[in-house]
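Heads up: the structure comes next, in structure tokens.
The values are calculated or read from the model by the stated rules, or taken from the named source; none is laboratory data. Bear in mind that the values here come from a model prediction, so they are computed numbers and not experimental data. For neighbour counting, all protein chains shown are included, and Cβ atoms are generated from backbone atoms with ideal geometry for every residue, glycine included.
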Amino acid sequence: MALIRLEHVSKSYGERIALSDLTLTFDPGEWVFVLGPSGAGKSTLLRVLALAEKPSAGRVEVDAEGLHPEAGGKPSGRVLRRLVGVLGQEFRLLADRTVYENVALACQISGIWDRAALRERVNPLLDQMGIRGKEALYPNDLSAGEKQRAALARAMARHPKLLIADEPTGNLDPAAAGQIFALLNEIRVRGTLVVVATHVEDWVRRYPGRVIRLERGLLRSDAMEGGVPASIVPAATAAAVTEPTVGTELPPVPANPGNPSTSGSSGPGEPPR
Ligand code: ADP
């Protein structure tokens, strides 16, 4: 069974249409990019997938057991939301807590309080993200890349089956950005569905996979990079994206200082510092 399925999902904010009639299925362990210019609906789609935003129309079906087997039964939307890992462009670490405490807090929210059990959960995550040894530091003592790796450890604290990353390298230099993508890919290889929104096409070339392209809230294409298309929307629907949509304005895509295409120094396989 699919982990999460969107059926004819639309989302509007007043007159503004953020998503328009999307039907998409996501399986465990998939590597999915969501691409599109600024204002295309990428963040809105990710918030819907993270169960943080309810669609204005359509249905979101979640395989609760697949999302987190430990949840058992039929957990509420609130519980399910907590089981999705979320990584944003801003690190949003608590400044008055150490790296360890930031990650541990996410475990405590899901009910792990025993100190030894916390250590058992948190330390391997710090190891995996290459920030073991930094656990006693406060976020302000970390580099931007280390902050994002701490945020990634926190996002993975509850061992989610779905990790949502919205422009996760937007505030990072090319080397730190490469490390984050290498870690996201490793997380995916271990079986987590990873959905990454970006407007940097270069990441798709480096980490080929399924690419969902949005434009003005419409699905323009949903295809495997360089492989057999998963599904391509009919030409008539694709053509419709050139028509103006109510209330949508497309501001120019901002230059991305973290664009890896501007530097040849960062390989995705670089080990974390
Ligand atoms: P992207 O992530 O591709 O830049 P968004 O999903 O942020 O696009 O936005 C899609 C459209 O929805 C834009 O026109 C945006 O202005 C609008 N939008 C997104 N979130 C809100 C909100 N909370 N209130 C009003 N409009 C919103």
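Going by the conditions given, is Glu167 modelled with pLDDT of 95 or more and within 16 Å of the ligand (Cβ to nearest atom)? Yes; evaluated as a whole, the condition is true for this residue.
Across the stretch 22-33, the number of residues qualifying as crowded, with 16+ Cβ neighbours inside 10 Å and either within 8 Å of the ligand (Cβ to nearest atom) or in contact (Cβ under 8 Å) with a residue 24 or more places away in the chain (or both) comes to 8.
Of everything in the stretch 1-21 that's hydrophobic (A, V, I, L, M, F, W, C) and surrounded by 17 or more Cβ atoms within 10 Å (Cβ to Cβ), which residue is farthest from the ligand (Cβ to nearest atom)? That would be Leu3.
When residues in the stretch 39-61 are screened for being within 8 Å of the ligand (Cβ to nearest atom) and hydrophobic (A, V, I, L, M, F, W, C), 3 of them pass.
Listed conditions (1) within 22 Å of Arg213 (Cα to Cα); (2) touching a Pro at 6+ places or on another chain (Cβ under 6 Å) are all met by Pro55, apart from (2). Pairs are defined by a Cβ separation below 8 Å, a sequence spacing of at least 6 or placement on different chains, a first member in the stretch 84-112 that is of a type in the set (Asp, Glu), and a second member that is part of a loop (DSSP other than H, G, I, E, B); the pairs so defined are Glu90/Asn171; Asp96/Tyr138; Glu101/Leu94. Within the stretch 166-204, the set of residues being more than 13 Å from the chain's Cα centre (by Cα), charged (D, E, K, R) and assigned to a helix (DSSP H, G or I) comprises Glu186, Asp202. Comparison of Ala150, Ala197 shows that the only residue that is within 13 Å of the ligand (Cβ to nearest atom) and modelled with pLDDT of 85 or more is Ala197. Every listed requirement among (1) part of a helix (DSSP H, G or I); (2) at pLDDT below 90; (3) more than 20 Å from the chain's Cα centre (by Cα); (4) hydrophobic (A, V, I, L, M, F, W, C) is met by Val79 save one, (3). Is it true that Gly36 is more than 15 Å from the ligand (Cβ to nearest atom) and either touching a Ser or Thr at 6+ places or on another chain (Cβ under 9 Å) or within 27 Å of Val204 (Cα to Cα) (or both)? No; evaluated as a whole, the condition is false for this residue. Pairing each residue of the stretch 171-192 that is farther than 14 Å from Ala150 by Cα with any residue that is of a type in the set (Ser, Thr, Tyr) and in a helix (DSSP H, G or I), provided the two are 6+ apart or on different chains, yields C-beta distances under 8 Å for Pro174/Thr262. Filtering Ala230, Ala235, Ala177 for residues that are among the small types (Gly, Ala, Ser), modelled with pLDDT under 90 and within 20 Å of Trp31 (Cα to Cα) leaves a single hit, Ala230.
Does Val48 satisfy being modelled with pLDDT of 90 or more, crowded, with 21+ Cβ neighbours inside 10 Å, assigned to a strand (DSSP E or B) and of a type in the set (A, V, I, L, M, F, W, C)? Spelling it out, it is not the case that Val48 is modelled with pLDDT of 90 or more, crowded, with 21+ Cβ neighbours inside 10 Å, assigned to a strand (DSSP E or B) and of a type in the set (A, V, I, L, M, F, W, C).
Restricting the first member to the stretch 41-55 and to residues that are closer than 16 Å to Phe26 by Cβ, and the second to residues that are part of a loop (DSSP other than H, G, I, E, B) and more than 8 Å from the ligand (Cβ to nearest atom), the beta-carbon pairs closer than 6 Å and six or more apart or on different chains are Arg47/Glu53; Val48/Pro55; Ala50/Val84.
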